[in-house]
Amino acid sequence: MSDPPRPGPIRVLLVEDHDMVAEAIGLALQRNPEVVVVAAVRSIATAREATARHRPDVVVLDRRLPDGDGITAIPELCAAGARVLVLTGEAGAAVAARVVDAGGSGLVLKSARLEELAEAVRRVAEGEAVFDGGLLAGVLDRLTGRTSVAGSSLTSRERETLSLLADGASTEEIGQRLGVARNTVRNHVQRVLDKLGARSKLEAVSIARREGLLD
């Protein structure tokens, strides 16, 4: 259910660290006379400051920012009175569920058309929850416990191994960092692949990023 119509334009704070992307989004949003972009910032820290200063109705928040994962900032931004729409290059249902758990109002992929993003902003401002169509069913399943999150059974050592794989570390380098033998590393890697349903290290890292297992 949406909220009653709000008086005045929708005040939007844009949080995006790539200037060309931010400019394109800002131009698309401001084609709508009902939308005003009150500020554009590049980090979580400046998003907090700008939210307190400008009191936006909607924060369009990039997930990957120079000072961390934007999803972690959602509770604080919502506490300041804003609704948060996350913008990300790729995401699975686990990431979308994290957005919901944090209090976010939606998630839109960067591959969406700018017109779709502008419409998502309007709907979020009206109190709706907006998620990319390909993620919605998975979000509901995750939140109701009907499916398990990929990688939820990884041990702490397997998560360390996965993180090092994502950094591009070799088997020898992983062994040195973890203080274990090469064969032990190979066993860790194989268990990571098995639990993520991946056929290669590269695919395992790709799945982990999509599912929000890596920052």
Checklist entry - Say R0 is 25 Å: what FRET efficiency, to the nearest 0.05, do Glu23 and Arg55 get from their beta-carbon distance? => result 0.60
Next on the checklist: Rounded, prolate or oblate for segment 23-67? Axes are the square roots of the Cα gyration tensor eigenvalues, ordered a ≥ b ≥ c, and the cut-off for rounded is a/c under 1.5.
Outcome noted: oblate
Next on the checklist: Could you give the length gained by full extension between Gln176 and Thr72, i.e. 0.36 nm per residue of separation minus their alpha carbon distance, to one decimal place?
Outcome noted: 34.3 nm
Checklist entry - Rg (Å, one decimal) plus Dmax (Å, integer) for the alpha carbons of segment 1-103? => result 13.2, 36
Item to check | Considering only segment 1-105, percent of DSSP beta bridges that pair antiparallel, nearest 5 | outcome: 10 percent
Next on the checklist: Just to be sure I understand the model, the point goes 7 Å from the Cα along the line to the Cβ. What's the resulting Lys110 to Thr155 distance in nm?
Outcome noted: 3.6 nm
Next on the checklist: At 7 Å along Cα-to-Cβ for each site, give me the label-to-label distance between Ser200 and Ala80 in nm.
Outcome noted: 4.3 nm
Item to check | Dipole magnitude of segment 13-132 about its Cα centre (Cβ charges: Lys, Arg +1; Asp, Glu -1), debye to nearest 20 | outcome: 160 debye
Next on the checklist: For segment 75-121 and segment 8-64, what is the centre-to-centre distance using only Cα atoms, to the nearest Å?
Outcome noted: 13 Å
Next on the checklist: If you fit an axis through the alpha-carbon atoms of helix 114-125 and take the longest principal axis of the Cα set of the chain, what angle between them do you get, 0 to 90°, nearest 10?
Outcome noted: 70 degrees
Item to check | Rounded to 10°, Cα long-axis angle of helix 133-143 versus longest principal axis of the chain | outcome: 70 degrees
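Bear in mind that the values in this text are calculations on the coordinates, not laboratory data. A quick note: this is a predicted structure, and the numbers were derived from the prediction, not measured. For neighbour counting, all protein chains shown are included, and Cβ atoms are generated from backbone atoms with ideal geometry for every residue, glycine included.
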